Amino acid sequence: MDKKAISPLMSTLLLVVFAILLGSLVMSWGKGYMTSIGEKPADNAVSETCNPADQLQIRFINGEITEQQYADMKAKISKT
């Protein structure tokens, strides 16, 4: 039995390197996956599916217009 094996230090080092590489791959994949999920829909997607009153409410909720602008525009929309 003259066979030699790798030392315990080398086997531990190989396991640590493997774990780091595997963790890096998983984190890289997860970051790309979460970025693709978190993307905002295009503005035209909302405008195609919503009526003007809903669009106005979305703009108000997102903070794009003030409460006074919202009230004025809502009054104009309800008149038509």
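Label separation (L22 vs M34): 2.1 nm, computed from points 7 Å beyond Cα along the C-beta direction. Between A5 and R59, the distance separating the two model label sites (each 7 Å from Cα on the Cα→Cβ line) works out to 7.3 nm.
Bear in mind these aren't lab numbers, they're just calculated from the coordinates by the rules spelled out. Predicted model, so just to flag it, every value in this text is computed and none were measured. Every residue, glycine as well, gets a Cβ built from its backbone with ideal geometry; the counts of neighbours run over all protein chains shown.
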